[in-house]
Each structure stands twice: as structure tokens, then as C-alpha cells.
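Novice: Please see the structure below; I have some questions.
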Amino acid sequence: MSTVSSIFGGRLVVAPVSSGGSRIPIGVGGVVIECSSRPKKKATAHHIKTRPRKTQPWDIKRKPTVYPPLPPLPPEWSVVIPAADDSDTPPPPPPPLAA
């Protein structure tokens, strides 16, 4: 049978049993794992610590790619409803789509 210290692989601190009137719960069943020798970083902290760094001068000074502007949309994608219409008549229905 293995001992508790061999299962957890570290030093364990056991709270002393006092005969006083106040009892403060310490851990599960009075056993507390003191600390981790190799704590692991959580998601964002890990990504910040291990992200690739730019080390070359040409890469540090590099700017984002500039693309030419997109061409205007074709007429079938134009707005059908007029922007400012003060009359109470409803707008005409859009033309049917060709199948």
C-alpha cells in the first residue's frame, strides 16, 4: 500500500488537532497540499508568454499589406428602398429574381 506523500509527490501539511471550541476547516479532511513546484499558466497567460517574437529588423519594420479597394457592387445588389421618402405610400416591391 502506498502512502499519501508518494501519491501526491510533495510535502503535505497536516493541521494540528486542537481541543479549543472554535474549529476552522483546513482543506479536505485536514490535509492541505502546500504548493506546487511547477505551476502551469492558464490559457491567456500561456499564449502571451509563448507567442512568437519578431527578432529580425526587416520583420519588425514590416507594415501590413495594402490591398486595392474593392470594385463597386453590381446593380442587383443596389438598395431598392429610397433613403428619404416623406410620402405615406409603401415602396415598390423588389423585382423578381431570375432563376
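Novice: Being at pLDDT below 95, among the hydrophobic types (A, V, I, L, M, F, W, C) and touching a Leu at 6+ places or on another chain (Cβ under 8 Å) is the requirement here; does V28 meet it? Steps first, please.
Specialist: Numbers: at pLDDT below 95: yes; among the hydrophobic types (A, V, I, L, M, F, W, C): yes; touching a Leu at 6+ places or on another chain (Cβ under 8 Å): no.
Taking the combined requirement at face value, the residue does not satisfy it.
Novice: Then there's this: Mind checking whether some residue in the stretch 4-12 is in a loop (DSSP other than H, G, I, E, B), open to solvent by 90 Å² or more (accessible area, probe 1.4 Å), at pLDDT 90 or above and not small (G, A, S)?
Specialist: For the stretch 4-12, residues in a loop (DSSP other than H, G, I, E, B), open to solvent by 90 Å² or more (accessible area, probe 1.4 Å), at pLDDT 90 or above and not small (G, A, S): absent.
Novice: What's the number of the only condition in (1) in a loop (DSSP other than H, G, I, E, B); (2) open to solvent by less than 100 Å² (accessible area, probe 1.4 Å); (3) modelled with pLDDT under 75 that P90 fails to meet?
Specialist: Failed condition: (2).
Novice: Same structure again: Could you pull out the residue among R51, R62, R38, R23 that is among the charged types (D, E, K, R), over 30 Å from P95 (Cβ atoms) and at pLDDT below 65?
Specialist: Answer to the check: R23.
The values are calculated or read from the model by the stated rules, or taken from the named source; none is laboratory data. This one's a predicted model, so the numbers in the text were calculated from it and none came from an experiment. With ideal geometry, Cβ positions are generated from the backbone for all residues, glycine too; neighbour counts draw on all protein chains shown. Side chains included, ligands, DNA and RNA excluded: accessible areas come from the protein's heavy atoms. Shrake-Rupley method; radii C 1.70, N 1.55, O 1.52, S 1.80 Å.
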